[in-house]
Amino acid sequence: MIIRLTIDRFEGGQTVLVASDGQMIVWPKNQLPPNSREGSALNFEILEEREREIKDKQTAKEILNEIIGQP
């Protein structure tokens, strides 16, 4: 599941993020991408551990196939 959040404001070392349904999340400012600013849209991906492992394996497989397919 991907959740889109928008940076509403900064409060000290914290960031207030707002979802499209109005829900707010407080997130550490130092854990945002560089150059984030008020109004920036962020995508958060939420996966169960098993889903993440499957996705990581698929990504690794695609990278290896790319490397092997190189002349």
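Observations, loosely collected:
- Search result, residues across the stretch 4-35 that are surrounded by 10 or more Cβ atoms within 10 Å (Cβ to Cβ), in contact with a helix residue (DSSP H, G or I) (Cβ under 8 Å, 6 or more places away or on another chain) and not aromatic (Phe, Trp, Tyr): GLN14, THR15
- Here is the figure for the stretch 37-53: residues that are in a loop (DSSP other than H, G, I, E, B), of a type in the set (A, V, I, L, M) and surrounded by 10 or more Cβ atoms within 10 Å (Cβ to Cβ) total 1.
- Considering the stretch 1-36, and only residues there that are part of a loop (DSSP other than H, G, I, E, B) and in contact with a strand residue (DSSP E or B) (Cβ under 7 Å, 6 or more places away or on another chain), the residue that is modelled with the lowest pLDDT turns out to be SER20.
- Identity of the residue in the stretch 42-71, of a type in the set (Val, Ile, Thr) and closer than 30 Å to ILE7 by Cβ, that ends up nearest to the chain's Cα centre (by Cα): ILE46
- Contact annotation: residue pairs with Cβ atoms under 7 Å, 6 or more positions apart or on different chains, pairing a residue in the stretch 38-60 that is in contact (Cβ under 8 Å) with a residue 40 or more places away in the chain with a partner that is surrounded by 10 or more Cβ atoms within 10 Å (Cβ to Cβ) and part of a strand (DSSP E or B), are ASN43/ARG4; PHE44/ILE3; PHE44/LEU5; ILE46/ILE3.
- MET1 vs. criteria in contact (Cβ under 8 Å) with a residue 40 or more places away in the chain and exposed (fewer than 13 other Cβ atoms within 10 Å of the Cβ): yes
The values are calculated or read from the model by the stated rules, or taken from the named source; none is laboratory data. This one's a predicted model, so the numbers in the text were calculated from it and none came from an experiment. Here Cβ is always computed from backbone atoms with ideal geometry, including for glycine, and neighbour counts include all displayed protein chains.
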